[in-house]
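In what follows, a single structure is set out as structure tokens and then discussed.
The values are calculated or read from the model by the stated rules, or taken from the named source; none is laboratory data. Remember, it's a predicted structure, so these values are computed and weren't measured experimentally. No Cβ is skipped: glycine too gets one built from the backbone with ideal geometry, and neighbour counts run over all protein chains shown.
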């Protein structure tokens, strides 16, 4: 399997390349990046790409989406989209792309995070009357808040609730908590890779479920596995629940 990495010279691009070097049967065909150089062919624009590959992995920025779509459609190959922070219009473009090629989209490529998400609906349903708060923490260069993973977790929680919650993003001043609320809090600082904590607070007891990423490697490994999963798949939208067989 030959991979094409969008953002190949970024932190995640370099990490994926490192993982691929130690993965049998997988290689890097090249990548897209404004910063040239490195061990693989690097192109600044999609129209200049002259190498063949089996799947695209995009760990870049929302602004690169049009180039990713152009590559996927021109080469007729599947794409793993791990970038977050898309606008509503951009999400519509991704949906349209999935009508033409296989698209694997997840805000978090970690197996552990997705297992956590799978149990959140059950916990939310079983712990009726508990107050729910979500805290996420990332490095000081992360552009979007709350994180894409936090949004996925909120969607999972909603599946276990009888009514749609009211989201409160941070609190300040006179803001007594209402029973229907889910508080969402974002921390940005240093080199935190990623932490997500869901708190269920009841009368005289607290349940916390937390995932901590200690290295970007877990995301790189997950994205390569996702690419392998897509090979041979028909056009459509896929995510980690499909990979896990849920």
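Here are some notes:
- The residue of segment 165-180 that is farthest from the chain's Cα centre (by Cα), among those that are without any contact (Cβ under 8 Å) to a residue 24 or more places away in the chain and under 30 Å from residue 61 (Cα atoms), is 171.
- Number of residues in segment 53-76 that are assigned to a loop (DSSP other than H, G, I, E, B) and either in contact with a strand residue (DSSP E or B) (Cβ under 6 Å, 6 or more places away or on another chain) or within 22 Å of residue 142 (Cβ to Cβ) (or both) equals 5.
- For segment 12-51, taking the residues that are assigned to a loop (DSSP other than H, G, I, E, B) and touching a strand residue (DSSP E or B) at 6+ places or on another chain (Cβ under 6 Å), the one that is surrounded by the fewest Cβ atoms within 10 Å (Cβ to Cβ) is identified as 36.
- Among the residues of segment 227-244, at least one is in a loop (DSSP other than H, G, I, E, B), under 28 Å from residue 166 (Cα atoms) and outside the structural domain of residue 154 (by TED's automatic domain parsing).
- Of everything listed in (1) assigned to a helix (DSSP H, G or I); (2) in contact (Cβ under 8 Å) with a residue 24 or more places away in the chain; (3) within 17 Å of the chain's Cα centre (by Cα), the single unmet condition for residue 155 is (2).
- Restricted to segment 71-82, and to residues there that are buried (at least 16 other Cβ atoms within 10 Å of the Cβ) and over 17 Å from residue 17 (Cβ atoms), the residue that is farthest from the chain's Cα centre (by Cα) is 75.
- Of all residues in segment 92-129, those that are outside any loop (DSSP other than H, G, I, E, B) and surrounded by fewer than 13 Cβ atoms within 10 Å (Cβ to Cβ) total 5.
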